[in-house]
Amino acid sequence: MKTIVVGLGNPILGDDGVGWRVVEEIQKQLPASPLIDYECLSLGGIGLMEHLIGYDRAILVDSFIAEQEDVGSILIRR
């Protein structure tokens, strides 16, 4: 199963760069695999969708404010 792991955000805006930082750390910690690609992107919508073409699974890492959650909470949506 071909997978892409995408860090979303803008690294020059501090906390909005957390998606990039998480994906960079995942890439360092996991063994290299021809079945997993990693990307850090500052876009959404159709531009993001174009990067997902050809993959069976996409894992998106991003940050946002969720007032009902504690800071630093990890939310998983399937």
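The values are calculated or read from the model by the stated rules, or taken from the named source; none is laboratory data. Note that the coordinates shown come from a computational prediction; the quantities given were computed from them, not determined experimentally. Using ideal geometry, Cβ is built from the backbone for each residue, glycine included, and neighbour counts are taken over all protein chains shown. Heads up: the accessible areas ignore ligands, DNA and RNA and are worked out on the full protein's heavy atoms, side chains in. Shrake-Rupley method; radii C 1.70, N 1.55, O 1.52, S 1.80 Å.
General observations
- Of residues in the stretch 55-78 being surrounded by 10 or more Cβ atoms within 10 Å (Cβ to Cβ) and among the small types (Gly, Ala, Ser), the one farthest from VAL6 (Cα to Cα): ALA66
- Apart from one condition, GLU50 fits all of (1) of a type in the set (Asp, Glu); (2) open to solvent by 100 Å² or more (accessible area, probe 1.4 Å); (3) part of a loop (DSSP other than H, G, I, E, B); the exception is (3).
- On the stretch given as the stretch 1-32, residues that are over 19 Å from ALA66 (Cβ atoms), assigned to a helix (DSSP H, G or I) and either touching a residue at least 40 places away in the same chain (Cβ under 8 Å) or in contact with a Cys (Cβ under 8 Å, 6 or more places away or on another chain) (or both) total 4.
- Qualifying residue in the stretch 43-54 (condition: under 21 Å from LYS2 (Cβ atoms), touching a Phe, Trp or Tyr at 6+ places or on another chain (Cβ under 9 Å) and at pLDDT below 95): no
- Restricting the stretch 19-34 to residues that are open to solvent by 60 Å² or more (accessible area, probe 1.4 Å) and more than 11 Å from VAL5 (Cα to Cα), the residue that is nearest to the chain's Cα centre (by Cα) is ARG21.
- Residue within the stretch 33-45 that is touching a helix residue (DSSP H, G or I) at 6+ places or on another chain (Cβ under 6 Å) and either assigned to a loop (DSSP other than H, G, I, E, B) or free of Cβ contacts under 8 Å to residues at least 12 places away in the same chain (or both) present: no
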